[in-house]
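Below you'll find the structure, written out as structure tokens, and then a few comments.
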Amino acid sequence: MKSERRSELLFNVLMNGVAPIVAILIAFAIGGIVIISLGTNPLAFFSRMFSLNFGTLRGVSQMIYRATPYFFTAMALSFAFKAGLFNIGAEGQMFIGGLALAWVGFTFTWLPFPILFVLCLIAGFLGGALWGAIPGYLKVKRGAHEVITTIMLNFIAIALVQYLVQNHFMNPEWGIPHTPSVAEGAYAPSLDKIIPWFPSGTRANIMFLVAIILAGLTLVLLNRTKLGYEIRATGLNPNSAEYAGINISSRTVMTMAISGGFAGMATANFILGPGSHYFLKSEYGGIGFSGIAVGLLGRNNPLGIILAAILFGFLENGALGVQLYFPNVPRQIVEIMQAIILIVLVIVLELARKFLKRLQKRG
Amino acid sequence: MAENTRSEKAPDPLIRMEGITKRFPGVLASDSVDFSVQEGEIHALVGENGAGKTTLMKILYGIYSKDTGQIYFEDEPVDIEDPKAANEFGIGMVHQHFMLVPPLSVVDNITLGSEIAHRGILDREEGKKRIQELASDIGFDIDPEARIEELSVGVRQRIEILKVLFREAEVLILDEPTAVLTPQEVESLYEILNNLQEQGKTIIFITHKLNEVMDLADRVTVMRDGKEVGTKEIENTSKKELANMMVGREVLLRVEKKEAELGEELIRTENLTVTNDEGKEIVNDISFSIQEGEVFGIAGVQGNGQTELIEALTGIDEFSSGTVEVQESDLTNADGREIREEGIGHIPEDRLDRGMITDFTVTENFVLGYHTFERYSNRLFLKLREMDAHAEEAVEEFDIKTPSIKTLAESLSGGNQQKLIVARELSQQPKLLVAAQPTRGIDVGAIEFVHERLMEERARGKGLLLVSSELDEIISLSDRIAVIYEGEFTGIFDADETSKEELGVYMTGSKRQDEEKVRRKALNQVSLRE
């Protein structure tokens with residue numbers, strides 16, 4: 001009995017701990033080769049990147065700012081995954097939610113903080129939830145596979161948001177299409193207002209704490225509530241869930257809605273946090289898709305996702321700063337690294353699985 | 001007994017396994033087991049679930065590596081590292097779960113991995129020809145171009161057998177070959193195996209059904225708890241003896257059934273009809289009632305509407321017409337939750353794909369379907385402590401073998417999984433229990449346990465609706481038996497006054513009782529003798 005628990009522990013450590021770390025290390029090695037080919041010393045490059053992120057509290061703060069939105073889009077993937085659904089539509093859900101929260105922010109301008117701020121978050125959640133519920137509904141009613149519908153809805157969302165901003169919310173005199181700014185009551189307080197020893201003047205804001213709280217709430221929801229039990233049952237075996245009297249249609253739609261809701265809050269970090277305070281579509285492109293990688297790297301576990309999101313924030317923030325020192329390494333090195341991490345992770349997980357199987361065969 | 005089992009072994013076996021030991025984390029799956037097979041025999045390997053039968057055969061087939069021990073092939077020590085090596089010795093295995101690619105044709109499935117090619121060009125015609133020859137050699141026809149997904153389970157199994165023969169196997173290992181088959185398909189499997197034996201093939205089959213052993217095998221080896229208990233010639237043994245060897249104690253093969261003490265009417269159903277998507281009646285105008293303390297059995301060949309009837313009754317599916325009344329309250333097309341709240345338990349026929357969630361823990365499975373009950377949850381949250389307490393209690397009471405209540409249900413043996421489901425349903429103390437194939441695919445000891453428990457419920461005045469394709473089970477447990485054929489009751493019988501043969505005639509629809517009489521007997525309006 002003890003050894004059974006030990007082998008379960010081994011599985012967890014290997015699949016959820018060792019494999020992602022090994023994948024990250026290998027990805028850095030491969031990224032290093034790319035950097036060498038650009039005529040730059042990768043050790044110098046990465047150590048500069050490291051010190052930019054971790055050298056100062058300011059760096060940490062900037063990194064957190066970059067990391068925050070990834071948490072939300074990754075949670076969109078992972079939450080749906082718990083119910084056996086593949087939500088590839090975080091990108092579209094993020095845009096719809098983003099526009100919704102901006103709209104509340106620049107429309108109900110008389111409302112004070114924190115009422116407007118909270119309303120904005122709720123609007124973001126609902127916008128994303130609506131966009132997520134559509135593929136859920138189509139799956140339940142028409143049997144349309146959510147991978148296809150969520151991808152399609154991404155394109156529709158992007159076009160719809162573009163149209164609304166350009167034709168309804170934008171002042172034609174502005175050069176770049178964006179919405180009006182949200183009112184002050186919607187501003188997300190920066191982290192230094194909450195954590196006194198945090199440096200001021202960075203963009204890291206309360207949304208990072210919201211993310212951590214949501215991660216905890218999600219764990220509670222999935223493992224300790226009736227709804228979470230039903231969502232997991234539906235994901236693991238719909239036939240048995242049906243036997244248990246669980247309404248799997250409603251659970252599927254609800255899961256997709258909650259999943260989309262997470263993505264819908266992703267841009268609050270940019271719009272409500274310190275900065276421009278308006279919805280600027282071009283700034284957020286790709287965060288929804290990268291969320292897939294973050295979710296996988298975080299092994300679909302809310303706490304793992306926080307760590308994975310921080311890694312992505314590390315890369316992104318590092319790449320922005322490191323350009324000053326190594327001008328011949330383009331900033332796209334981040335995307336290359338992200339892609340390599342994902343590919344290597346998939347391979348390493350498969351190898352780890354094979355290794356565990358062999359171990360089991362040997363006994 | 002041990003000494004004379006040794007002397008029964010013939011001098012030069014084809015395969016000899018000596019002192020095979022295999023340890024898995026937490027279990028000694030095979031504990032210095034000796035096993036040998038003679039050329040040309042049908043050798044049954046029996047034992048309860050988890051006794052180590054499959055492990056031993058997977059070692060022989062090279063899927064598992066052994067810790068210690070030696071395998072001899074024609075008296076030469078050999079090393080079987082992987083299935084490919086096993087194939088080279090002419091050993092092939094038909095797994096319990098088929099390994100076929102559903103969208104591909106029969107010929108492509110069989111040749112997969114051993115394709116016949118000339119200069120790199122696939123020769124499908126040649127493959128087709130050989131497959132047809134092999135099939136007709138063992139006595140059946142096959143369309144090599146049919147796609148697997150169009151074929152029944154029985155035919156798929158034949159294809160697995162052909163796959164092994166195509167690789168020129170001389171020794172066939174079949175892992176619980178009848179577990180998935182209907183009685184008719186079992187018959188034709190017997191025929192195929194006998195034909196194979198006539199051709200000089202050697203067959204090892206794993207089973208826990210003693211009837212099959214007596215029907216088919218020349219010799220039988222019994223395993224228990226990873227040890228070999230003995231090997232017997234079929235002529236020199238009996239079902240009773242084998243059952244005792246398997247379980248390690250005296251087993252009652254017949255259930256003790258006390259005189260029925262009937263009470264009030266529990267459930268009354270009238271004119272139940274279920275139609276499928278095409279509008280065809282799968283269950284056609286069925287009525288019955290069950291009293292307290294009564295077991296109402298429904299016998300029939302699988303696929304005659306039993307599943308649909310039960311699923312509509314328990315809220316998974318819906319009746320298109322008819323009424324269900326349980327002690328005054330109307331439960332027609334009630335949902336699963338209302339059904340359970342009304343005190344109706346359900347042991348579904350498909351253990352893994354209805355009855356439990358294998359990736360859930362034992363505790364989580366213990367509340368499946370009851371998780372909305374006040375005892376286990378409030379409006380939002382699960383009461384984890386109560387859930388754990390309930391699971392601990394039930395594991396203890398029903399003697400479910402599990403490392404802990406936090407273990408995933410998938411790592412329990414089939415018998416213990418079934419016990420878990422039975423325990424879950426009975427521990428809610430239902431007044432009516434719907435049990436479908438409650439002992440399918442579980443071992444003798446667990447069957448005895450389930451039967452005893454069901455009879456205890458009956459003695460306590462609970463009602464039981466029992467659906468089973470095992471006629472022995474139906475007859476020994478039921479009070480009244482209805483035979484279902486193409487969605488209709490073709491006859492109603494008193495269990496004490498009927499026989500397997502009589503039920504069999506009605507099960508194929510070749511005989512029917514008068515329709516009105518069946519209805520009135522099923523509703524308890526007239527005595528069964530009239």
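The values are calculated or read from the model by the stated rules, or taken from the named source; none is laboratory data. It should be emphasised that the depicted structure is a prediction, and the values quoted were computed from it without experimental measurement. Because the Cβ atoms are built from the backbone with ideal geometry, glycine has one as well, and the counts that use them run over all protein chains shown.
Some observations on this one:
- Hits in the range B:377-390 - residues which are hydrophobic (A, V, I, L, M, F, W, C) and either in a loop (DSSP other than H, G, I, E, B) or in contact with a Leu (Cβ under 9 Å, 6 or more places away or on another chain) (or both): B:L380
- Exactly one residue out of B:F296, B:F319 is in the same structural domain as B:R440 (by TED's automatic domain parsing), of a type in the set (F, W, Y) and in contact with a Phe, Trp or Tyr (Cβ under 7 Å, 6 or more places away or on another chain), and it is B:F296.
- Per-region count, the range B:315-371, residues without any contact (Cβ under 8 Å) to a residue 60 or more places away in the chain and at positive phi: 5
- Filtered residue count, the range B:13-37, keeping only those that are surrounded by 17 or more Cβ atoms within 10 Å (Cβ to Cβ) and away from chain A (no Cβ under 14 Å): 9
- Looking only at the range B:383-404, and only at residues there that are within 14 Å of chain A (Cβ to nearest Cβ) and surrounded by fewer than 21 Cβ atoms within 10 Å (Cβ to Cβ), the one that is farthest from B:G345 (Cα to Cα): B:P403
- Hits in the range B:466-524 - residues which are of a type outside the set (G, A, S) and touching a His at 6+ places or on another chain (Cβ under 9 Å): B:E473, B:L477
- Subset of the range A:334-362 [modelled with pLDDT under 85 and either of a type in the set (A, V, I, L, M) or not in a helix (DSSP H, G or I) (or both)]: A:V334, A:L356, A:L359
- Search result, residues across the range A:22-67 that are among the polar types (S, T, N, Q) and touching a helix residue (DSSP H, G or I) at 6+ places or on another chain (Cβ under 6 Å): A:N53, A:Q62
- Criterion: small (G, A, S), more than 30 Å from A:F270 (Cβ to Cβ), in contact (Cβ under 8 Å) with a residue 40 or more places away in the chain and exposed (fewer than 15 other Cβ atoms within 10 Å of the Cβ) - qualifying residue of A:G17, A:G39: A:G39
- Within the range B:391-438, being touching a residue at least 24 places away in the same chain (Cβ under 8 Å), over 17 Å from the mean Cα position of the chain (by Cα) and in a helix (DSSP H, G or I) holds for B:A391, B:E393, B:A394, B:V395, B:E397, B:A409, B:A423, B:R424, B:E425, B:L426, B:S427.
- Qualifying residue in the range B:439-451 (condition: buried (at least 24 other Cβ atoms within 10 Å of the Cβ), closer than 25 Å to B:A312 by Cα, modelled with pLDDT under 95 and not hydrophobic (A, V, I, L, M, F, W, C)): no
- Test result for A:I347, away from chain B (no Cβ under 14 Å) and out of contact with any Pro (no Cβ under 8 Å at 6 or more places or on another chain): yes
- Residue in the range A:257-265 that is part of a strand (DSSP E or B) and within 18 Å of the chain's Cα centre (by Cα) present: no
- Residue within the range B:68-84 that is among the aromatic types (F, W, Y) and not in a strand (DSSP E or B) present: no
- Residue count, the range A:227-250 (criterion: closer than 24 Å to A:T149 by Cα and either part of a loop (DSSP other than H, G, I, E, B) or away from chain B (no Cβ under 13 Å) (or both)): 2
- Hey, B:G461 small (G, A, S), outside any helix (DSSP H, G or I) and surrounded by 21 or more Cβ atoms within 10 Å (Cβ to Cβ) or not: no
- Qualifying residues in the range B:103-131 (those that are in a strand (DSSP E or B) and either among the hydrophobic types (A, V, I, L, M, F, W, C) or in contact with a helix residue (DSSP H, G or I) (Cβ under 6 Å, 6 or more places away or on another chain) (or both)) - the one nearest to B:E150 (Cα to Cα): B:L122
- All conditions in (1) free of Cβ contacts under 8 Å to residues at least 24 places away in the same chain; (2) under 18 Å from the mean Cα position of the chain (by Cα) hold for A:G132, with the sole exception of (1).
- Just one of the listed residues (B:L272, B:L193) is touching a strand residue (DSSP E or B) at 6+ places or on another chain (Cβ under 7 Å), surrounded by 15 or more Cβ atoms within 10 Å (Cβ to Cβ) and not in a helix (DSSP H, G or I), and it is B:L272.
- Of all residues making up the range A:298-333, the number that are among the hydrophobic types (A, V, I, L, M, F, W, C), in a helix (DSSP H, G or I) and at pLDDT below 90: 5
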